[in-house]
Structures are given as C-alpha cells and as structure tokens.
Amino acid sequence: MPSSHLILCRPLLLLPPILPSISVFSSEATLCTRWPKCWSFSFSIIPSKNKEHPGLISFRMDWLDLLAVQGTLKMPSLPLCAFLLRFHHTTPVACCFSKTLSGEKYTDPFKLGWRDLKGLYEDIRKELFISTAELKEMSEYYFDGKGKAFRPIIVVLMARACNIHHNNSRNVQASQRAIALIAEMIHTASLVHDDVIDDASSRRGKHTVNKIWGEKKAVLAGDLILSAASIALARVGNTTVISILTQVIEDLVRGEFLQLGSKENENERFAHYLEKTFKKTASLIANSCKAVSVLGCPDPAVHEIAFEYGKNVGIAFQLIDDVLDFTSCSDQMGKPTSADLKLGLATGPVLFACQQFPEMNAMIMRRFSSPGDVDRARQYVLQSDGVQQTTYLAQRYCHKAVREISKLRPSPERDALIQLSEIVLSRDK
C-alpha cells in the first residue's frame with residue numbers, strides 16, 4: 001500500500017485556528033505537540049510492517065523552518081479517512097518534550113540556576129545599604145524573595161553554558177553572578193517607575209510602592225535602586241560590559257516613550273509594538289546574557305548567540321504576558337487583568353483581533369478612552385483568534401531562541417535554557 005501524503009497550506013491570520021493534537025510514541029521519548037492550522041506542514045503516513053503490532057503506522061511531519069518529527073502512531077480501529085478527520089479536530093494539548101536535544105533528561109532550570117543564586121536577595125539588600133529607615137523599606141520592598149527571579153536564573157545558566165562552551169569550566173565567575181544581581185535590580189527599579197507612570201495599585205499580590213508611599217517617594221526609590229545597580233556594575237570593571245548594560249537603561253526609557261505613543265498607520269503598529277516590547281522587556285534579558293558571555297568567552301559568535309537567545313526569549317515572555325492579560329484572573333497574575341486596555345495600550349492580541357474586527361481601529365487611535373471601549377475591545381479579542389495568534393508568535397520567537405542556544409556545546413545548563421523557553425510558553429502568571 002503506497003503512503004498517503006497530505007499537504008495543508010493556510011495563509012496566516014485569515015482563518016480561525018482548529019488546534020489538532022497528537023501523541024507520538026517512539027523508543028526515544030514521548031512527545032505531545034500541537035500546531036496551528038494556519039501553519040503549512042506536510043504529513044506522511046506509512047502503514048507499519050511490524051507483524052507484532054499491526055495497528056501501528058509510521059509518520060513524518062515537517063513544519064516549515066520550525067520542526068520535523070518522525071515516529072510511530074498507534075492506529076485506531078477506524079478507516080484512515082475517519083482517523084485523519086478525528087486527527088484534525090481533537091482537543092489541543094500543551095507542548096511537552098520529555099528529553100533535551102542532547103538526549104539527557106531535563107533538570108529543573110530553576111533548581112539548577114539557584115545553585116549559583118543562594119542569598120540573591122540578601123546580597124541585593126546589601127547593595128542597598130541605606131541609613132534612612134523609610135527609604136530603605138521602600139527600596140527593599142520588592143526584594144522579598146517572592147518574585148520568580150526569572151532574569152537572574154537565565155543569566156547564571158547562560159554564564160555556565162558559555163563557560164562550558166569556551167573551556168569546559170563549570171564555575172560561574174563572581175563578576176558573572178554580579179550581573180545576575182544587577183539585572184534583577186534594574187528590572188525592579190523599572191517596575192517601581194512603571195507603576196508610577198501607570199498609576200498601578202497592586203503588583204505581585206500586594207500594594208505598589210507608589211500606592212503606599214506616594215508617587216514622589218516611589219520615583220526616588222526607583223532611582224536609588226538604579227544607582228545601586230550602577231555602582232555594582234562599575235565594580236565589575238569591564239568597560240564593554242558597562243557599555244552593554246548601560247544600553248539597557250537607555251532602552252527602558254525609549255521603550256516607555258514608545259508605549260506612550262501610537263501609530264495611525266495599521267501596518268506600522270505591529271513593528272512599533274515589537275520594538276517597544278524589545279526595549280521594555282527583552283533588552284535587559286538579551287544584554288545581560290551578552291554581558292556574562294563577554295566575561296566568560298572571548299568569541300564574538302558566542303556573544304551573539306547569547307544576545308539572540310535572550311532577545312527572543314524576552315520577546316516571547318512579554319507576548320505571553322500580554323496574552324495572560326486577557327486569559328488569566330487577577331489572583332493568578334497578582335495584578336489587575338485587562339490593565340493594558342485600561343491604560344490605552346494595544347498589545348499583540350488586540351492588534352491581531354483588529355485584523356478581524358476593523359472597527360477596533362478607532363478605539364485603538366483614541367486609546368480606548370470612550371465609555372465602553374475597554375469592555376468592547378476585550379470582547380472582540382476573545383471572539384477573535386488574537387490570543388492564539390499572539391501565542392503562535394511567541395512560539396516562533398522561542399523556536400528562534402532554541403535554535404540559537406543549540407549552537408553551544410551540550411551541557412545541562414544549555415539544555416535548561418532550552419527548557420526555559422518552554423516554560424515561558426506554558427506559564428499562567
């Protein structure tokens with residue numbers, strides 16, 4: 001019996017997605033995966049010649065530049081056409097790889113990273129040595145150990161991965177660990193300032209600094225954290241690294257200015273959104289990764305790998321954050337949902353939804369300021385495939401991140417960075 005070959009091609013953004021799911025069984029690992037119908041892919045089926053298991057079929061799937069998978073499927077007791085029909089309309093499941101590209105079992109990236117981050121928040125508080133009691137309390141407010149420490153984890157894992165790639169050293173240098181602390185301090189200072197600009201009242205499940213102490217004091221607390229980070233950075237003593245991380249602070253300011261504006265031209269909006277996303281979120285991750293690679297390896301190619309990984313993971317992280325603003329509840333997020341709409345911001349789900357509901361253009365231009373705009377826009381997003389398309393875009397960025405980091409020599413840290421890209425996609429807060 002000849003193999004049947006099925007090719008589906010759908011233009012991106014035009015059709016609502018029907019998410020198939022598939023379970024793959026092979027001698028290497030169990031893989032559950034999903035893909036949007038709007039992506040082109042090919043699917044080949046070859047009946048198994050295994051007499052002991054006549055119900056099995058072999059397959060191969062290719063998704064453009066994304067992924068190629070082959071293995072064996074357990075054939076149900078259905079005609080092939082009925083099986084294919086069911087195959088295309090089953091319930092979606094999350095992407096879950098049980099093994100890394102190097103074949104080793106995954107190590108929890110957070111446990112692996114925390115080996116080099118013990119005492120992280122205590123060390124940060126030491127950097128914030130302040131004699132004034134109130135200013136000290138304000139500056140230390142978010143360094144309570146309840147954050148995800150996502151950025152420091154990425155930084156120390158990247159440091160180890162680059163060190164191993166360069167000279168098989170499994171130690172993190174003191175200067176590289178300092179970059180992890182500095183990254184968390186810059187990030188936290190930006191949160192304090194963002195909350196002032198946004199007039200936010202809650203973050204991480206508690207009142208914001210500006211809500212408790214007022215806007216003027218909150219601005220000063222954010223400035224103090226930034227100054228402490230700058231002093232710590234100066235102690236690293238590497239002018240290239242200082243230049244790299246100074247760029248982050250510039251990007252944060254420019255990104256905030258981009259967020260305060262908007263584009264009338266629909267074709268420019270998405271580029272504007274992605275540029276803002278890079279500057280406000282991804283630049284810190286990308287440049288921190290690059291900084292530790294510079295400290296651990298002289299090869300510019302490795303510096304570029306580290307930067308590109310951080311950039312793509314950072315953009316994906318923010319895309320998912322924008323999705324969660326529509327799909328998660330306030331208790332999960334630790335801050336109000338639909339907050340971006342209330343601030344007049346058109347994020348990925350809104351921009352994709354606008355392609356299906358052009359009447360949203362007027363709302364975007366007036367920054368959802370008319371009565372009922374926020375509720376109507378939210379309903380349009382949930383009725384559209386904006387959430388799904390933004391998720392697919394995040395998947396593409398994560399794929400790029402994995403492709404970059406896979407260029408490094410195999411190591412548990414490299415594989416943990418690969419797994420972190422999956423965690424970014426599957427997080428719910």
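The values are calculated or read from the model by the stated rules, or taken from the named source; none is laboratory data. Computed from a predicted model, the values in this text were never measured in an experiment. Accessible surface areas use protein heavy atoms only, side chains included; no ligands, DNA or RNA. Shrake-Rupley method; radii C 1.70, N 1.55, O 1.52, S 1.80 Å.
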In terms of modelled amide H atoms, which long-range or inter-chain residues lie less than 5 Å from the amide H of residue 202?
-> 208
What percentage of the solvent-accessible surface of region 213-266, computed with a 1.4 Å probe over protein heavy atoms, is contributed by carbon and sulfur atoms?
-> 58 percent
Can you grab the distance from the C-alpha centre of region 353-390 to the C-alpha centre of region 142-188, Å, no decimals?
-> 39 Å
Using only alpha carbon positions, build the gyration tensor of region 326-429, then give the equivalent ellipsoid semi-axes as the square roots of 5 times its eigenvalues, largest first, whole angstrom.
-> 33, 15, 10
Those aspartates and glutamates that a straight Cα-Cα span of less than 18 Å connects to residue 263, excepting residues fewer than 8 apart in one chain | 275, 340, 359
Karplus ³J(HN,Hα) for region 417-424 (6.51 cos²θ - 1.76 cosθ + 1.60, θ = phi - 60°; Hz, whole; x = Gly/Pro) runs 5, 5, 5, 4, 5, 6, 4, 4
Pairs of Cα atoms farther than 16 Å apart, region 210-331, % | 70 percent
For region 109-426, restrict the atom set to alpha-carbon positions and state the Rg and Dmax in Å.
-> 19.7, 61
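What's the carbon and sulfur percent of region 283-395's accessible surface, probe 1.4 angstrom, rounded to a whole number?
C and S fraction of accessible area: 52 percent.
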What whole-number value in Å² describes the accessible area per residue of region 109-426 for a 1.4 Å probe?
-> 41 Å²
Go through 400/429; 276/407; 111/148 and tell me which ones have a Cα-Cα distance over 20 Å in this structure.
-> 400/429; 276/407
